[in-house]
Amino acid sequence: MKLQGMVAQKRRNNNIISLKVVGPFLLLFDSYTVYLSSVLFMQTNWGAPLVMFLGLVMLVVLQHGKILKDTKLNLIALLTYSVVIMGNQSIANGRYSYLFFYSISIVFYLFAKGSIRWIDDSLSIMRLFATIYSVATIAFVFTPSFYTGTVTKLFGSYAATAIQQYNNGNMPGLTANCSTNAMYLCIGIGVSISLLFSNHLKKKAYGNINTSRSEYYIIILELCALLLTGKRGPTLFMVMSFSVLYLIQSSKEGFMRWFKLIFIFMTAVVLFFVIISFVPALGRVYYKNLELLEGGNILTGRQSYYEAAYDTFLSNKIFGIGWGGMEIFITSITWNNASYNVHNIYLQLLAETGIVGFTIFMLFFGTNLIYTIKYTVLKIKGNSLQNITPLLFSCYIQVFFLLYGFTGNPLYDIQMLIPYYFAIAISSAIKIRERRTCL
């Protein structure tokens, strides 16, 4: 009888391990393989959504189908969902993909807070994807014929875009767009930085934690790959997110931490210019910025998008024109009829959802960020460093998401949308779990 009980317990443990690893992997898989879906899912429209749905089901089962009480944040999350649905122009035009992805994100956010068992594996999965994209980005620099002739065939109709960006010196890596590649790499850098800061905090508190050399090798790999993409916005916002994270993890040091941050920044700038003098390819971000400044095109043609969004908002101030309306409008006036968003989530929210929707989303973003930072700082000051790595990561991703929103489309691209919802669910899940443990 005792043996049967042990066997049953072992089986339950194996099931939990499967759910907490496979669930997050499947849920993240589609957001990390956007430009490979035609090959991976044999050009079907249902393959990627099915994989994501299965991942969600596994995580819901892991939480035993329970939504824990987190009334304020859950209510605001549901309000954002109502904003997305009401007057949705994409649905009116037969486009349902974004509604599906946002629905998955909201359901995940509501259920995931019931457990923290999925968190560490989720960070490992994001870091694994980032490492793969880092290696591919660097390797393809040295194999131009292989990349343009073979690899780009994996991207289907996006192959020409990948080849054009590659020839311009912006490395798309294992994607068809250097912006997507940069997003993946910035997320991976966030995991790596969080691990380094976490180990630093634990070493100061406990004195028995050492960071392996491989941790430094991985972050150097990710940074080099990011510089090769030539993306100014993601690189700048990664640096800014790092700065915020540094100030959070050194919150016990008071005003002195600002001087240390300035010293780190100055040292990094000197190193950057020394390195690009020997490896010019890593200076693509800097050289591209100079070219755009000299050409008077620092916004790379997006000013017309911003003006269109602002004019639309002035005409529809209260409720906007409906979710997806700006994408449809911009697509209609773009020379190649390609699908574009405004590249500023704040202007797009104002245009599509008006003051009402904009306020709800800002409340959601701001409340999650403030809660996460306050709780993380509280734990650091109290030397309560359990689960500090995922909390630091949550801070980083939320800051990066909100900063990138000024020049990118993180709210509308699943490459950033899904990781963002993972980040805010992480902080809520840890906070709920630790408070229940203390009761």
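The values are calculated or read from the model by the stated rules, or taken from the named source; none is laboratory data. If you're wondering where the values come from, they're calculated on a predicted model, not measured in any experiment. Glycine also receives a Cβ, built like all others from the backbone with ideal geometry; neighbour counts cover every protein chain displayed.
Starting from residues that are among the hydrophobic types (A, V, I, L, M, F, W, C) and within 28 Å of Asn289 (Cβ to Cβ), keep the ones in region 133-150 and report whichever is surrounded by the fewest Cβ atoms within 10 Å (Cβ to Cβ). Spell out how you get there, then give the answer.
We begin by selecting, within region 133-150, every residue among the hydrophobic types (A, V, I, L, M, F, W, C); these are 135-136, 138-142, 146.
When the remaining residues are screened for being within 28 Å of Asn289 (Cβ to Cβ), the result is 135-136, 138-142.
On the way: Val135: 15, Ala136: 19, Ile138: 16, Ala139: 15, Phe140: 21, Val141: 17, Phe142: 8.
For region 133-150, the residue satisfying everything is Phe142.
Scanning region 54-95 for residues that are part of a loop (DSSP other than H, G, I, E, B) and at pLDDT 80 or above returns Met86, Gly87, Asn88, Asn93, Gly94, Arg95.
The residue that is nearest to the chain's Cα centre (by Cα), counting only those in region 38-53 that are at pLDDT 85 or above and surrounded by 15 or more Cβ atoms within 10 Å (Cβ to Cβ), is Met52. Out of Ile264, Ile219, one residue alone is free of Cβ contacts under 8 Å to residues at least 40 places away in the same chain, part of a helix (DSSP H, G or I) and either in contact with a Gly (Cβ under 6 Å, 6 or more places away or on another chain) or within 27 Å of Ile132 (Cα to Cα) (or both). It is Ile219. None of Leu369, Leu402, Leu349, Leu411 is closer than 17 Å to Ile76 by Cβ, outside any helix (DSSP H, G or I) and under 21 Å from the mean Cα position of the chain (by Cα) except Leu411. Beta carbons closer than 9 Å, at least 6 apart along the sequence or on distinct chains, pair a first residue in region 373-391 that is free of Cβ contacts under 8 Å to residues at least 24 places away in the same chain with a second that is of a type outside the set (A, V, I, L, M, F, W, C) and buried (at least 21 other Cβ atoms within 10 Å of the Cβ) for Lys379/Asn387.
Checking each residue in region 89-105 for being touching a residue at least 60 places away in the same chain (Cβ under 8 Å) and either acidic (Asp, Glu) or in contact with a helix residue (DSSP H, G or I) (Cβ under 7 Å, 6 or more places away or on another chain) (or both) picks out Gln89, Ser90, Ile91, Asn93, Tyr98, Phe101, Tyr102, Ile104, Ser105. Taken together, the residues in region 321-340 that are at pLDDT 90 or above, within 21 Å of Leu402 (Cα to Cα) and assigned to a loop (DSSP other than H, G, I, E, B) amount to 2.
The sole residue among Phe313, Phe242 that is of a type in the set (Phe, Trp, Tyr), touching a residue at least 24 places away in the same chain (Cβ under 8 Å), surrounded by 12 or more Cβ atoms within 10 Å (Cβ to Cβ) and closer than 22 Å to Cys395 by Cβ is Phe242.
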